[in-house]
1. Tell me which of 45, 16, 57 sits at the most positive position along the dipole axis of the chain, charges placed on C-beta atoms (Lys, Arg +1; Asp, Glu -1).
2. Residue separation times 0.36 nm, minus the C-alpha to C-alpha distance between residue 46 and residue 25: what's the value?
3. Would you calculate, for the chain, the mean residue ellipticity at 222 nm contributed by helices, counting each DSSP H stretch of 4 or more residues as -39,500 (n - 2.57) and dividing by all residues, to the nearest 500?
4. Counting only other residues whose beta carbon sits under 13 Å from that of residue 16, what net charge do I get with K and R as +1, D and E as -1?
5. Using a 10 angstrom Cβ neighbour count of at most 13 plus a DSSP loop assignment to flag exposed trypsin sites (Lys or Arg not before Pro), which longest range of the chain is free of such sites?
6. For the chain, with every protein chain kept in place, what is the accessible area per residue (1.4 Å probe, Å²)?
7. Any idea what Rg and Dmax come out to for the chain if you just take the C-alpha atoms, in Å?
8. Counting only protein heavy atoms and using a 1.4 Å probe, what share of the accessible area of the stretch 1-76 belongs to carbon plus sulfur, as a whole percent?
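The values are calculated or read from the model by the stated rules, or taken from the named source; none is laboratory data. Every value quoted in this text rests on a predicted model; they were computed, and no experiment measured them. Note that each Cβ is placed from the backbone with ideal geometry, even for glycine, and that neighbours are counted across all protein chains shown. Accessible surface areas use protein heavy atoms only, side chains included; no ligands, DNA or RNA. Shrake-Rupley method; radii C 1.70, N 1.55, O 1.52, S 1.80 Å.
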Amino acid sequence: MKGRVKGMDEKNTDYSAKKGALLEQGLISPQALELITELETELNFLRKQNESFRKALRAKSAQSPRMSTKLRDALYE
């Protein structure tokens, strides 16, 4: 996706792999697994919200002029 920080998907994959490895080894308690699942859900929500905000900001920026009025007037004189 445009505007996303490079590597976010790779980090998510790394986190999932580490979680899977810890689960296989039996090193995660049920309480910790519940917390990790809640954090993953929150992270996904925030990632989607961030993308939405970026999209809205890009749309707003596209509507407004790039130069200030005074600068534009001075250049056209």
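1. The residue sitting most towards the positive pole is 57.
2. Here the segment from residue 46 to residue 25 would lengthen by 4.6 nm.
3. -27000 deg cm²/dmol
4. Neighbour charge sum, excluding residue 16 itself: -2.
5. 7-65
6. 90
7. 21.7, 74
8. 59
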